[in-house]
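What follows is one structure encoded as C-alpha cells, with my remarks underneath.
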Amino acid sequence: IIGGSFTLGDTESLYTVNALFPFVTGSIIGSITKIESSTSLVNINDFTYWSSPVQGATIGSVFSNANLNRVYYWDQAATSLFDGGDVGDPTVIYGEWINASGTMTPVRGYISEGPTSGSYPQRHTVSFTGTPNNGTLGLGLVWNNDGNAYSDYNLIGNPYPSAFDADAFINSSDNAAIDGTIWLWTHNTQNNGDPIYQYTTDDYVSYNLTGGIGGVTSNIGSGQGFMVRAISNGQVVFNNTMRLRDQNTQFYRGTETKSTNVEEKDRIWLNVESSDGGASNQILIGFFDNATDGHDRGYDGIKNGASWISFYSKIDTLRYAIQGLSSFSMDKTVSLGFDTYISDPLSYKISIHNIEGILNSNDIYLVDHELNLTHDLKQADYEFNVDGAGNFEDRFTLQFTKSTLGVGDLELDNNFVVINEDSELRLRSNSVITNIKIYDITGRLLVDEKLNDTEYNIDTHKIKQGTVLILNATFENGAEASKKAIRF
C-alpha cells in the first residue's frame, strides 16, 4: 500500500509475483513513478523503443521533454502507398508508423526521438507514473497471412517495472502465435562526415533460443520496446512467471553484455566489418538437439532491416541473423551472404567474435566461392575487397572440413599451368586467357590484369617472399581456373 510518492530509478525493480493481490487504485493509492533512461543518443533524431511499466501513463507526460509529433507506435495492419516511380503504379505496403497520443496501452511498444533541449550526446530519461503493471497481460497481434515473412511485425514491449526472461516468454504456450525471435533497435550512429559512411552499429539486434547478437541475452529490462513477428492469428502474453528480480540493468545499450552467466552451447558468432568507417554486422550460428536444418520456431531469427552492410545466413531464399541447426557434425555447411550499400571500393574483414562448446575443438573454414578460396578462420581473419555497393547472396559458405580446390574441380580443363620461378610467375594455357587476378591468402587483391594470350609472365618481386598466392584465370570460352602458388 503506497500512501505517498514512490519512485524507482532506471536500474531498480518492483518485483511482484502474486497476481491475486495486485496494486489497487481508489482510496488505497497504488501509484508509482518508474524512471527509465535510453542509451546515449548522438542527436535528436535518434529513436528509442519504449514500453510503459505502469497503467495510466500518458504520451504527453512521459515524453514531455521530446517532440510529441515524433512519438509513434507501429500499426502492421495499416496500409500505405509506395510510389513505384519508373516501375509503374504505386505498391500497397503493409504497416505504418502512427503518431501516438493519449494513454499508453500495456504491452504496446512506442518510439520517440531524443530530448528537445540539452546538448548531444545525451541519454533520454523519461518517467512513467501510474499503477504498476502486474499479473497476466496480453495484446492482440496483426498477421497478414500473405506469405510474406516481412509483413507480420508487431511492436510490443516489457509491461513490467522489472526485467523478464525472454526464454520463458518464447517457450510459453500462450505465445505460439509468434515465431520466437525478438528484435531490438540499435542507433545507426554516424561518427563524422567522412565520405566513407561512418556508422558504428548494425540495424536490429535479435535474440531467440539459439542466443543473441549484439550483446543481447535473455534478460530484457523494464521499459524496453521490441519487435516480434506473428506467424498466426492470436495474441502475445506476459505473466509473472517470466519476471526476474535484481536483474534490471539490461535496457539495450549498444554492445554492452547484459549477463556473464550464460550457459555454454555449440555456437559461433561471426562479425563482418569495413576497413574504413566502422560499419559492422554480426550473425550467430548454433547447433541443437531440438532443432532441424530447416526453419524452427524459436531457433531461427530472420534478418530484419539493413544497415550500410548486412551479413546473414540463408535457409532457402530467406535471410537470417540467427540460425539454429540440428546437432553438430563435421559435414555441416551454412550458406552465408553479404550486402554492402557503400558505393566506395572498400575492403572488409570477416572474423570470429566468439566460439562456444564443441566448436572450440573443431576447425572453422570460410569458403569464398568468388575467389575459389578456402580460409581457416581460426588462423586469421578473412579480408576481401568489393568494388562498391552490391549484393553477394551466395558468396560464402561456413564449413568445418577443408576442401581442396584445383583444376580437377572445374567444369572445363584448359590445361592451365603456373610455373613458379624466382620473382616471376609464368602462365601457360591451351586457351586464351582474358583475365588474371592474384590474391593473397587473406583475399587481398594483388594483381588484376586484362589479357588476350595463352602465355603471360607476372613480375612478383614486389610481393613478400613466402606469400601464398591464389591465381584465378578467366578464359575466352567462359571457363575459370584457380591455382595456388608460393612467392619464391
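The values are calculated or read from the model by the stated rules, or taken from the named source; none is laboratory data. Since the structure is predicted, the reported quantities are computational estimates derived from the model, not experimental observations. Quick reminder, even Gly has a Cβ in these numbers, built from the backbone with ideal geometry, and neighbours come from all protein chains shown. Quick note on the areas: whole protein, heavy atoms, side chains included, nothing else; ligands and nucleic acids left out. Shrake-Rupley method; radii C 1.70, N 1.55, O 1.52, S 1.80 Å.
The table that follows gives values for the structure above.
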item	result
Qualifying residue in the range 260-267 (condition: at pLDDT 85 or above, surrounded by fewer than 23 Cβ atoms within 10 Å (Cβ to Cβ), touching an Asp or Glu at 6+ places or on another chain (Cβ under 9 Å) and not basic (Lys, Arg))	yes
Lone qualifier among THR58, THR91, THR79, THR136 - being at pLDDT 95 or above, open to solvent by 20 Å² or more (accessible area, probe 1.4 Å) and either over 20 Å from LEU184 (Cα atoms) or in contact with a strand residue (DSSP E or B) (Cβ under 6 Å, 6 or more places away or on another chain) (or both)	THR58
Selection status of VAL205, buried (at least 19 other Cβ atoms within 10 Å of the Cβ), at pLDDT below 90 and assigned to a loop (DSSP other than H, G, I, E, B)	no
Residues of the range 40-55 satisfying the condition of being open to solvent by 60 Å² or more (accessible area, probe 1.4 Å) and modelled with pLDDT of 90 or more	GLN55
Residue among THR116, THR125 that alone is within 28 Å of SER162 (Cβ to Cβ), modelled with pLDDT of 95 or more and open to solvent by 60 Å² or more (accessible area, probe 1.4 Å)	THR125
Members of the range 275-312 that are polar (S, T, N, Q) and either part of a strand (DSSP E or B) or more than 22 Å from ALA166 (Cβ to Cβ) (or both)	SER275, SER280, ASN281, GLN282, SER307, SER310
Any strands (runs of 3 or more DSSP E) falling wholly within the range 313-395 and containing at least 3 residues that are under 13 Å from ILE285 (Cα atoms)	318-325, 333-340, 346-356
Checklist (1) open to solvent by 10 Å² or more (accessible area, probe 1.4 Å); (2) modelled with pLDDT under 70; (3) touching a Ser or Thr at 6+ places or on another chain (Cβ under 9 Å) applied to GLY30, failing item	(1)
Set GLY443, GLY466, GLY478: member being open to solvent by less than 40 Å² (accessible area, probe 1.4 Å) and within 41 Å of the chain's Cα centre (by Cα)	GLY443
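Every residue, every condition in (1) under 13 Å from the mean Cα position of the chain (by Cα); (2) more than 20 Å from ARG229 (Cα to Cα), yes or no:
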position: ASN304; (1), (2): yes, no
position: GLY324; (1), (2): no, no
position: PHE328; (1), (2): no, yes
position: SER335; (1), (2): no, yes
position: TYR348; (1), (2): no, yes
position: HIS353; (1), (2): no, yes
position: LEU359; (1), (2): no, yes
position: LEU366; (1), (2): no, yes
position: ASN372; (1), (2): no, yes
